Structures are given as structure tokens and as C-alpha cells.
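S.K.: This is the structure I want to talk about, given as C-alpha cells.
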Amino acid sequence: MQDTSAVLAGQSSVAISALRWHGAAREQCRSIWDRLCDVNPELPVFAHPQWFALACEARAASPCRIVTITGDERPLGLFPLQRTTPWTIRHTDPMTLGATPPVVDPPHAEAAWRGLFSWFRASRFALLHLGDATDPALIEMLTAIASDLKLVVAAQATTPIIVLPLPASYEAYLGGLRKSARGNLRRAERQLHEDYPDSHLELLTSPAHAERAIDTLMEFYRRRWGNQVGGSVFHDPRQCRFFQQAMMWVLQRGWGVVARLSISSHPVALATLLHIPGQSTAYYHYAVRDLDALPQRYSPGLVVLDHLIRRAIERGAAALQMGAGNAYYKTLVGGEEVPRSTITVARSAFTAAVLPHFNRLLHLAVRSPQHLAYLLHSMTKRNRER
């Protein structure tokens, strides 16, 4: 199914198409997406079409429309959208990190966003969630476009992401750290090796060697975060299938590393690094340690992170994005906070003020059985411990 209209952006005629990913238009979407990746070489791994395709195959994402913007027979932007309620649609971003990367041709970004907003204005939806943004200039541009089209943009400040600037060499990186932080890094590895001489860290780059490590990472994640409401992200078998397949694809392309720290051949900490050669930013994607394997005085996760920072520098990255949340270990290694805002587009100020709260209430109502089950489980566990 395809809906096509045209708007004017500057002097160029811009065509807007809303295509279905699961259908005959899928190859057309892939072709447009690939061309946009070619003209925007800084798009990260999880903004590439294969990452998205694997999420759809695993049913970890279910877009209802792929909105494409073209001008003068060249693609300007592409936006995969997923309906969350009958009146709300959002940008689909499976397992991205920190901020949703727009798939646009940078010199024509304004025309691409104007095309998306025009499509939204003509659609039946009342609310459009665009995910997160860290660029104040982008937020300012979106606000201006929305104002022109009689729409409203709300930018809600949320948890900042942490970005670690990287110099040209690991020695320069260590030299730029505070003396106490440098000492903590060295002490973490020295203490582990002194007390556990058979400890061993591997940087896995081939799918055959990393497959089991990825399974272990997901299992550790389930153990560590399984007590929260709804479980961890890897309690969902669809997310597990997606992450496993996506990491296999990333490693085949040479775009990732899986770090595994083991003691006596038993893994105690794992993490993944995503980076496309030539890009300025690498991504510290998922990281976890086995809390039962070692006493709390040891920091195996810090040892793994230190080695991945070294690998990111060796790959030529100028920054390591570490995701949202200012956990202590992120600032210890030199990470800096970058403000982040969640962007929502609405038809009116009233819609922007009311519908997000209504959606949250609806979300809580849908998840109430999970909350109740979690509460009963916690009460039963406390009674047993008594």
C-alpha cells in the first residue's frame, strides 16, 4: 500500500510516500535506505536497514509504515513508524543507544523533516513520538517546522547520555584522566590478576567464537535485572532472537567486538562494542557482570570497559557513547553528560498536554497484571525468608 503526496520545500518538489515494510514495497524501502546510508556515513550500526530488518524478522519491531521523502529523484529521508495506540505513532528504534538517529541526507534534513511532519498532519494520528535527540539545533529546527505547519513540538528533558571523548592513543587517554581514576583502572585489573591468576580476557570478533558469549550475556542480564517489573529486555524471546542475529550480522561485517572476561573458563563479565570503521563514534552497547561469581570488591566490568576503550581508540573512534544514565563507572573513566530530550509532535497544545498522560495511564493498565504478579512474588519471597 502506498500513499503519495507532494509538498514544496524551498524550490524543490518533495514527494512523500508511506510504504508497508511487510509487502511488495520492502525492496524499494531497502534501496532508499541503503542510498541514505551511503550519503550519511556517520549513521551508526542500528540505523542501517539490516539491523531493522532483523528486528522485524524476530518480531522485536512491527512498523506499520515506512515514510520516505524524496526530492528530484534522490532520497532525502526515511522514517520507520510503529503504531502504539489508535491515535499515537512513534519512530521505531529497536535497541538503539541513547538517542534515535534520523536516517536523513544531512544537507536536506529540513526538507526530510518537513515531509514527515506534512505526512503526519495529513494522517489520522494525533501524536507522533520521534524518540530522543541530543542536538539543540535539531530541536530548534523541528520546532520551527512544526510551527509553520500549525503543529506543536514538545521536548521533554530526560536522563542524559554519557559520551567519553577519545584521543588518538590509549596513553593519551590515560594521561587525561584524574590520578584517582587512573589508579582505579590499574588497581581493578591488577587485583583481579593477583587474586585470580587464571583470569583471562578475550575480544571476540568472529560470529563462531562470539555466539556462546552472547547467549551468556543475555543470561546474566536476565539474572541481574529479572527482578524488575516485566523482567529484563532479554526476558522477551523475540528480543533475544533479534539481539543474537543482529550481533552475528555485526560481527560478520567487522562492525563489532564482544569482550568476555573469564576465570577458570567461567565467564564473569561481558560487554559489546559497536563501531563502523571510519566513523567518529563507537557505542558501548550492552554490558553485564555475574554478581554471584566474585565478591563485590572486585570490578570485572571496569576491566572489560578499559579494554573496550582501548579497542575503540585503536579502531580510530573519537568518542565512545555509553548510553543513558550517569552510573559511577561511566564518569570514573572520563565520560561526560550530554543533555537529552524526548521529542513529541502533536496536533495542538491541548493534545500535547493531555494525550501523553492518557497513554501512560493506558500503558500502566495494560501492564497491571505484570505489576500484580511482581508484587505477589516479592511478598511471597519475603515471607519465605522470614
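The values are calculated or read from the model by the stated rules, or taken from the named source; none is laboratory data. Just so it is clear, the structure is predicted and the values come from calculations on it, not from any experiment. In this analysis, Cβ positions are derived from the backbone assuming ideal geometry, glycine residues included, and neighbour counts consider all displayed protein chains.
S.K.: How many residues, within the range 28-37, are among the charged types (D, E, K, R) and either more than 21 Å from the chain's Cα centre (by Cα) or not assigned by TED's automatic domain parsing to the domain that holds ALA112 (or both)?
M.R.: 1
S.K.: Among the listed residues PRO63, PRO94, which satisfies the condition of being in contact with a helix residue (DSSP H, G or I) (Cβ under 6 Å, 6 or more places away or on another chain), over 25 Å from PHE350 (Cβ atoms) and buried (at least 18 other Cβ atoms within 10 Å of the Cβ)?
M.R.: The conditions single out PRO94.
S.K.: Please go through the range 23-78 and give me each residue that is part of a loop (DSSP other than H, G, I, E, B) and either at pLDDT below 90 or at positive phi (or both), ordered by number.
M.R.: Answer for the range 23-78, where residues must be part of a loop (DSSP other than H, G, I, E, B) and either at pLDDT below 90 or at positive phi (or both): GLY23, ALA24, ALA25, ARG59, ALA60, ALA61, SER62, PRO63, CYS64, ASP72, GLU73.
S.K.: Restricting attention to the range 107-145, which residues are in a helix (DSSP H, G or I) and either farther than 29 Å from ASP38 by Cβ or assigned by TED's automatic domain parsing to the domain that holds ALA282 (or both)?
M.R.: ARG121, ALA122, THR143
S.K.: Tell me, yes or no, whether the range 69-87 has at least one residue that is buried (at least 23 other Cβ atoms within 10 Å of the Cβ), free of Cβ contacts under 8 Å to residues at least 40 places away in the same chain and under 20 Å from ALA137 (Cβ atoms).
M.R.: Yes, some residue in the range 69-87 is buried (at least 23 other Cβ atoms within 10 Å of the Cβ), free of Cβ contacts under 8 Å to residues at least 40 places away in the same chain and under 20 Å from ALA137 (Cβ atoms).
S.K.: So, one more: When residues of the range 145-165 are filtered for being farther than 18 Å from LEU97 by Cα and surrounded by 13 or more Cβ atoms within 10 Å (Cβ to Cβ), how many remain?
M.R.: 8
S.K.: May I ask you to list pairs of residues, at least six apart or on different chains, whose Cβ atoms are under 6 Å apart, with the first in the range 53-66 being closer than 17 Å to ARG90 by Cα and the second being part of a loop (DSSP other than H, G, I, E, B)?
M.R.: ALA55/ALA61; ALA55/PRO94; ALA60/PRO94; ALA61/THR92; ALA61/PRO94; PRO63/TRP21; PRO63/THR92; ILE66/TRP21
S.K.: Same structure again: Could you tell me whether the range 316-324 includes any residue that is surrounded by 19 or more Cβ atoms within 10 Å (Cβ to Cβ) and under 20 Å from ASN184 (Cα atoms)?
M.R.: Yes: one or more hits.
S.K.: Of (1) in contact with a Pro (Cβ under 7 Å, 6 or more places away or on another chain); (2) within 25 Å of GLN279 (Cβ to Cβ), VAL39 satisfies all except one. Which?
M.R.: Every listed condition holds for VAL39 apart from (1).
S.K.: Quick test of your reading of the structure: ARG90 fulfils all but one of (1) within 23 Å of the chain's Cα centre (by Cα); (2) modelled with pLDDT of 90 or more; (3) under 30 Å from ARG311 (Cα atoms). Name the failing condition by number.
M.R.: (3)
S.K.: Which of the residues spanning the range 180-224 are in a helix (DSSP H, G or I), in contact (Cβ under 8 Å) with a residue 24 or more places away in the chain, under 30 Å from GLY254 (Cβ atoms) and aliphatic (A, V, I, L, M)?
M.R.: Within the range 180-224, LEU185, ALA188, LEU192, ALA210, ALA213, ILE214, LEU217, MET218 meet the criteria.
S.K.: Restricting to the range 146-179, count the residues that are outside any strand (DSSP E or B) and under 30 Å from ALA352 (Cβ atoms).
M.R.: Of the residues in the range 146-179, 6 are outside any strand (DSSP E or B) and under 30 Å from ALA352 (Cβ atoms).
S.K.: Also, quick follow-up: In the range 291-331, which residues are touching a Phe, Trp or Tyr at 6+ places or on another chain (Cβ under 9 Å) and among the charged types (D, E, K, R)?
M.R.: Answer for the range 291-331, where residues must be touching a Phe, Trp or Tyr at 6+ places or on another chain (Cβ under 9 Å) and among the charged types (D, E, K, R): ARG310, GLU314, LYS330.
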